[in-house]
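One structure is given here, and the rest of the page talks about it.
The values are calculated or read from the model by the stated rules, or taken from the named source; none is laboratory data. All of these numbers come straight from a predicted model, not from anything done at the bench. Neighbour counts run over all protein chains shown; Cβ positions are idealised from the backbone, glycine included. Just so you know, the surface numbers come from the protein's heavy atoms only, side chains and all, with ligands and any DNA or RNA stripped out. Shrake-Rupley method; radii C 1.70, N 1.55, O 1.52, S 1.80 Å.
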Amino acid sequence: MVTEASPGPDLVLASELVGVRQSLQPVLTLTTSIAASTIAAATGAGISLIEDGSRTSTASTNALVELADAQQYELDEGPCLTSWRDSVLIRMDDLEHDSRFPAWTAAARELRLRSVLSTPLRGVHRNRGALKVYSERPYAFGRADEDLLLQIAEQAALLLENLGLLVEVEHTSAAVMSALQLRQRVTLAQGILVGRRGISPEQAFLELAEEGGRRGQTVADYAADVIAGR
């Protein structure tokens, strides 16, 4: 009998991570929308969740922001990455006359950007990424805009952490329930073999493991065949 192989742990983990990111995406999108609409001088806003220097999730209000962010990750420099790495707010008043991040600044000027304001997403244990707004005007952002972006980022970071914990709990609960169901399946198959052959539960489990291995199945999968009478 040909059976499908059970997914390995890496595949299961990857699937769970995709689920987490999909759950967080509406929060990211809402945060960028609030930042862009609340900070009057902003041409657009973007947010990035960053893990070990790589983006895991992003959202932006327009293509211009996507391009500016993409240049930061391609060049490995810029206000967004620095906000995340150093846990600092970065304000660049005029990209024509700012010597920080020279490669990225040159690329951003090609996009006709002149100002940027970026702040970290501070979680309880680490910075989760950065929230930033861009403008095509020089000196577009002031102290009031800094305070406003900090407040938005603080609330977003809190919401993201709480949502992440909720998703983690849901996944953990699902994993526990799945493990219990598999265990019940194996126990039932052991009982069938014990009653049918007069062997001990330990011997029944060894038979399940050995025969399942011979067939290229897990113990739980072969137990399901025993229960079904196959």
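For this structure, a couple of remarks:
- Residue check: Ser6 meets all listed conditions (1) surrounded by fewer than 16 Cβ atoms within 10 Å (Cβ to Cβ); (2) modelled with pLDDT of 85 or more but one, namely (2).
- Count of region 131-144 residues which are of a type in the set (A, V, I, L, M, F, W, C) and not in a strand (DSSP E or B): 3
- Checked across region 171-193, the condition of being in a helix (DSSP H, G or I), at pLDDT 80 or above and either open to solvent by 60 Å² or more (accessible area, probe 1.4 Å) or touching a strand residue (DSSP E or B) at 6+ places or on another chain (Cβ under 6 Å) (or both) holds for no residue.
- In the condition set (1) touching an Asp or Glu at 6+ places or on another chain (Cβ under 9 Å); (2) within 23 Å of Ala157 (Cβ to Cβ), Leu30 is compliant with all but (1).
- Condition broken by Leu160, with the remaining ones in (1) exposed (fewer than 14 other Cβ atoms within 10 Å of the Cβ); (2) at pLDDT below 80 satisfied: (1)
- Matching option when the condition is within 21 Å of Ser135 (Cβ to Cβ) and in contact with a strand residue (DSSP E or B) (Cβ under 7 Å, 6 or more places away or on another chain), among Ala63, Ala68: Ala68
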